[in-house]
Amino acid sequence: VPGRAAPRNDAEATATGASGSAVDSADSRVTANVADTTTTSVAAGADLRAADVLTVDAVSTVDVNTDAEVDNGGIGADASTSSSVTTKGTTSTKIGDADLRAAAVLISARVAGVEIDSEADSSASALGSDSDAVSTVDTESTAALSLEKGAGITGTTRVELLAKQSGMSTDSRAYAASNSCAGATDASELSPQSGAALRQRAGPPSGSAHA
């Protein structure tokens, strides 16, 4: 008997700018903000039974791609790009004051994958041109499993409680190029990741568990 919430969050954004004239400026900016909460819960008073396997699971995935590009040319031309990604997700499984009974009881909260790719590419070709590129990635992901007071979990062969974060990959790239006399470039990239915050109250690995 499965109980599962399993959303997938995908986002993709691209911005491209190009121009060419005397004393010209071109900007390209992309911002992606993704906030997600995935929860599977068993309410107080519920009585769930299965002859074989009883599964209560919350699982989520996030995939974000952003790309900002500018190619500019002209006397005194400036090119500026900015690509920014911010994600915040919480995946949780909550068992209230309920009874769960089966041969095997499997309860989990899982972040199956977080993949984020951010790129800013700036190019300026002119006398006295300036080229700037900034790429930032900030991601926070939490997997949490909780058993409320009074929750009863009985597995005659196995009880498994799991809060897991896996497959986190972030890539932030910034490229700035200036092909000119007396030109300037500035490229910066930031890719912090807070990782996984795991919170779990677990009973014994087999038999009965009571919070």
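Observations, loosely collected:
- Estimated distance in nm for a label pair at ALA103 and LEU162, the labels positioned 7 Å out from Cα along Cα-to-Cβ: 1.9
- Using distinct alpha-carbon pairs, which all enter the 1/r mean, Kirkwood radius of the range 85-150 in Å: 16.6
- Surface accessible to a 1.4 Å probe, LYS164 within the full protein complex, Å²: 100
- Solvent exposure of THR40, expressed as accessible area, is near 20 Å², computed with a probe of 1.4 Å over the protein chains only.
The values are calculated or read from the model by the stated rules, or taken from the named source; none is laboratory data. Note that the structure is a prediction, hence the values are computed from the model and not measured. Positions of Cβ are backbone-derived with ideal geometry, glycine not excepted, and every protein chain shown enters the neighbour counts. Ligands, DNA and RNA are excluded from the accessible area calculation, which covers all protein heavy atoms including side chains. Shrake-Rupley method; radii C 1.70, N 1.55, O 1.52, S 1.80 Å.
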